[in-house]
Amino acid sequence: MGDGSRLPVIDFGNMVAGVLEGIGMDPGRLRGDLAARFLDARAEVEARRRAGEMGFFDLPGDRPLAAETRHVADTCARECDALVVIGIGGSALGAAALRDALLPPLWNELDDKARNHAPTLHILDNPDPDTVSALLACLHPARTLFNVVSKSGTTAETMAQFLVVWRWLESTLGAEKARIHFLFTTSPERGTLHELATRYQIPTLPIPETVGGRFSVLSPVGLLPAAAAGIDIEALLAGAAAMAQRCSTLELAANPAGTLATLLHAAHTEMGAPVQVFMPYADRLGGLAYWVQQLWAESLGKAVDRTGRRVETGPTPVPAFGAADQHSILQLLMEGPRDKVVVFLGREAPGEDVTIPAPFPDTPDLAYLGGHTLFGLLDRERRATAEALRREGRMNMTIMVDRVDAHSLGALFMLFQIAVVYAGALYGVDPLDQPGVELGKVLTRGLMGRSGYEIPSIPPPDPRWRV
């Protein structure tokens, strides 16, 4: 399983001069100056890894943590009909990507037998009262487990929904029974959730201190809901480990994460393409595209570099979906500003295919489709779109997997995580922090009246600037 034969492959020919019409990068640079830059970036990443700052590298090999997570997940699956993850950002996007990619479509609408008696899996991230109220109205409180995910236990959106659910369970089951319907995934040593877990004897799973939220998908943050729903987390971790091994090479041209980071960085800084469109041609990978967007934006969009110098740099990641977005943004990609790189995600085979029938052989607009399959159509559209962009001199590359399964998804998670820390080193910024997010959190606490976060009142809208 971990021999590398099923790992994703990056085809970057449509970035290269002589292939890409009119422009492109000199392929010799992959063994020249770009290779030298990569070695410097890799050395920086390895130094920070040895210093214990990048714990996500170690998650695939943390067998005790995986075993603990599996044990808790098995207990959850036996004792509940519905599992609800309460988290936001990195505490939710990875679980959503896993659910969408590896569980059958419409999972929560399937009956118990079709789910093999695994629980339904719901995610409460955005604290929209319409969504929260509607979900609670559909759940059986005595048969639902709520997995609250926050490393600090101070995330306002997550904790607000936790409080709503706590009171809902108290009112329906009583105060004594409410606590047994919670599981906290949080810091093992500190924070509000850790304190509440100790006080109310609520079970917990740890988020390692060296693993940040957006790098936590291969920790209990993602593995617990995945395992509870029946996803093969051993295969997931094996794929991640195999990709990490492949990305350990010093040779840029043989290092997928290094190649991805280096080419996207050069396209931005040298060729005026700061917009990076991540476009899967599989509904199952839609959640992954949103996960990549957060990983890329929060890691690389920084106002200062690691020396404190103001830089205001970083690419703009945009998720798009083939073939639907061929009918929404493709015109812009083809003929708009040349400020974009498209990263396609494709697969060699679907989980299940559907043959297109031919009931109207005398209608040319329909007859040519008959006898093909829906996957054949979708994949040809991916290939055609990549070729059309190439002919117009629009940079693009393609990441291909054999199929969307746990092994390949684990490899994709690790590929993008390693690539983004390499990219951080290339940009000269810290990919592990997110200072730009903190001001909004502080202002929110002030507006909500939290002591110690008092702020001057935000002025009301000026009527002169309203229509």
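What the table shows:
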{"quantity": "Beta bridges per DSSP with both ends in the chain, % antiparallel, nearest 5", "calculated": "15"}
{"quantity": "Derived scalar couplings ³J(HN,Hα) [the range 187-199; Karplus, 6.51 cos²θ - 1.76 cosθ + 1.60; whole Hz; x for Gly, Pro]", "calculated": "4, x, 10, 7, x, 4, 5, 4, 5, 5, 4, 5, 5"}
{"quantity": "Whole-number percent relative contact order across the chain, with pairs defined as alpha carbons under 8 Å at least 6 apart", "calculated": "22"}
{"quantity": "Residues Ile458, Ile356, sorted so that the one with the fewest Cβ neighbours within 10 Å comes first", "calculated": "Ile458, Ile356"}
{"quantity": "Burial ordering of Asp430, Asp362, fewest other beta-carbon atoms within 10 Å first", "calculated": "Asp362, Asp430"}
{"quantity": "Folded to 0 to 90 degrees: helix 406-427 orientation relative to the chain principal axis, Cα", "calculated": "80"}
{"quantity": "Estimated distance in nm for a label pair at Lys177 and Val467, the labels positioned 7 Å out from Cα along Cα-to-Cβ", "calculated": "5.7"}
{"quantity": "Whole-Hz couplings from phi, Karplus 6.51/-1.76/1.60, listed for the range 102-111; x for Gly and Pro", "calculated": "10, 9, x, x, 6, 3, 6, 8, 6, 7"}
{"quantity": "Low-density loop cleavage sites - GluC sites (Glu not before Pro) in the range 332-374, where at most 16 other Cβ are within 10 Å (DSSP)", "calculated": "Glu348, Glu352"}
{"quantity": "Paramagnetic reach from Arg31 in the range 256-278 [backbone N under 20 Å; point 7 Å along Cα→Cβ]", "calculated": "256-260, 262-263"}
{"quantity": "Gain on full stretching of the segment that runs from Tyr453 to Arg63 - 0.36 nm per residue minus C-alpha separation", "calculated": "136.3 nm"}
{"quantity": "Likely footprinting exposure, Met397, Met15, Met334, Met448, fewest C-beta neighbours within 10 Å first", "calculated": "Met448, Met334, Met397, Met15"}
{"quantity": "Straight-distance crosslink candidates among aspartates and glutamates, where the alpha carbon sits under 17 Å from Lys177 and sequence neighbours closer than 8 are dropped", "calculated": "Glu79, Asp81"}
{"quantity": "Principal-axis tilt of helix 63-79 within the chain, Cα atoms, nearest 10 degrees", "calculated": "60"}
{"quantity": "Other-chain or far-sequence residues with amide H under 5 Å of Val277's (modelled H)", "calculated": "Val318, Val341, Val342, Val343"}
{"quantity": "Relative intensity, log₁₀ I(q)/I(0), of the range 62-231 from a Debye sum that treats every alpha carbon as a point, q = 0.15, 0.16, 0.20 Å⁻¹", "calculated": "-0.77, -0.89, -1.49"}
{"quantity": "The range 375-467: trypsin sites (Lys or Arg not before Pro) in DSSP coil with no more than 15 other Cβ atoms inside 10 Å", "calculated": "Arg403, Arg450, Arg466"}
{"quantity": "About the Cα centre, charge dipole magnitude for the chain (Lys/Arg +1, Asp/Glu -1 at Cβ), debye", "calculated": "880"}
{"quantity": "Theoretical gain in end-to-end length, Val354 to Glu312 [0.36 nm per residue, Cα-Cα removed]", "calculated": "10.3 nm"}
{"quantity": "Label-point separation in nm, Arg391 to His117, each point 7 Å along Cα→Cβ", "calculated": "5.6"}
{"quantity": "Degrees separating the helix 233-246 axis from the principal Cα axis of the chain, which is the longest one", "calculated": "40"}
{"quantity": "Distance in nm between pseudo-label sites at Arg49 and Arg190 (7 Å out along the Cβ direction from Cα)", "calculated": "2.7"}
{"quantity": "Loop-located GluC sites (Glu not before Pro) in the range 170-249, at most 16 other Cβ atoms within 10 Å (DSSP)", "calculated": "Glu189, Glu209"}
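Every read-out reported here was derived from the displayed coordinates using simple, explicitly stated rules and does not represent laboratory data. What you are looking at is a predicted structure, and each value in this text was computed from that prediction instead of being measured. Positions of Cβ are backbone-derived with ideal geometry, glycine not excepted, and every protein chain shown enters the neighbour counts.
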